[in-house]
Amino acid sequence: MTSRLYRDVGVVLRTYKLGESDRIIVFLTQDHGKVRAVAKGVRKTRSKFGGRLEPLSHVELQLHRGKDLDIVSQVESIDTTAAVFGDLDSMTEASSILEAVDQLVPDREPVPQMYRMLVGARQTLLTRPSPLVVPAFLWKLLTAEGLRPQLDQCVSCGESSDSEFVAFDFELGGVVCRSCRSGLAVSGPALVLMRDILGGRLGESLDRAFNPDGQQLNDPIINEVSQLATRAFEHHIERRLRSVSIFERHT
Ligand SMILES: [Zn+2]
């Protein structure tokens, strides 16, 4: 039986109630990808798991391999800074990130790069929370999926003059010029910010967006980049769902 026991580290993506006192916990683990496991008795007041299995918890795990669902046998917190998540803005942002990962990642398929990105985004939310964290994460996620947006020339005609870029086309996956205009309008500063996020200046951009006073500024450029990221991500998920259902119809 011991061979069915395994250890890993992971981040809790979401949880569901199961029966009277249990929960199903969905983890993104480092080595085993997305894993669904039952935490028995976790909803009892004196649970041996304490509060260590809340969404965004970063934990060391021992699991029993099951047929569909695994069983959580031990959990240790890797860091306890998650107490910061009393902050409503950060919790909303955390939920968006966890949901995006959950939607994108298939069960039991190791995705170590995605795991590293998630742990990084979690750390940023804890140390430098800002409205830029979620859109930056979504753009990086799409890029990791092989969908790096074209930001340097019109995806339709190849026009490369910056001043001509007026919109972002989600189907073609990049900026379009005035003559090819389609999709959602994009401003010059929003384009610069997206290039920074994807061009190795993510850290600087996140530093600039972080306001240590705690009050989050309503920055129109970040809002624009955020709206574009959400639309691009939804477009990707919908297209993938469509391609899966077409595939299933033909088999
Ligand atoms: Zn064009």
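Bear in mind these aren't lab numbers, they're just calculated from the coordinates by the rules spelled out. Predicted model only: the values in this text are computed from it and were never measured. Glycine also receives a Cβ, built like all others from the backbone with ideal geometry; neighbour counts cover every protein chain displayed.
List of remarks:
- Segment 25-80 - percent relative contact order, Cα under 8 Å, separation 6 or more: 32 percent
- Between Ser163 and Asp31, the FRET efficiency from the beta-carbon distance, with R0 = 41 Å, is close to 0.30.
- Two-site label geometry, Asp68 and Ser21: point separation in nm, points 7 Å out along Cα→Cβ: 2.3 nm
- Comparing mean-square fluctuations of Leu198, Leu56, Leu13 from a GNM of the chain with C-alpha springs under 10 Å, the top value falls on Leu198.
- For the chain, with +1 on Lys and Arg beta carbons and -1 on Asp and Glu, the positive-most of Gln30, Gly41, Ala190 along the dipole: Gly41
- Short-range pairs are left out: with C-alpha atoms under 8 Å and at least six residues apart, the relative contact order of the chain is 14 percent.
- Here the chain is assigned +1 on the Cβ of each Lys and Arg and -1 on the Cβ of each Asp and Glu. Its dipole about the Cα centre then comes out at about 1120 debye.
- Relative contact order [Cα under 8 Å, 6+ residues apart], segment 128-249, whole percent: 30 percent
- Net charge dipole size for segment 128-249 [Lys, Arg +1 and Asp, Glu -1 on Cβ; Debye, nearest 20]: 320 debye
- Sorted largest first, extent of segment 2-82 alpha carbons per principal axis (Å): 31, 30, 20
- Over the Cα atoms of segment 128-249, the radius of gyration divided by the Kirkwood radius equals 1.01; this is the Rg/Rh ratio.
- Rg then Dmax, both in Å and based on the Cα atoms of the chain: 20.4, 66.
- If you take the Cα centroid of segment 148-184 and the Cα centroid of segment 11-35, the two points sit 40 Å apart.
- Lysines whose Cα lies under 20 Å from that of Lys17, excluding same-chain neighbours fewer than 8 positions away: Lys34, Lys40, Lys44, Lys48, Lys67
- If R0 is 25 Å, the Cβ-Cβ spacing of Arg201 and Glu76 corresponds to a FRET efficiency of close to 0.10.
- Applying the criteria of a DSSP loop state and at most 15 other Cβ atoms within 10 Å to the GluC sites (Glu not before Pro) of segment 98-185 yields Glu145, Glu171.
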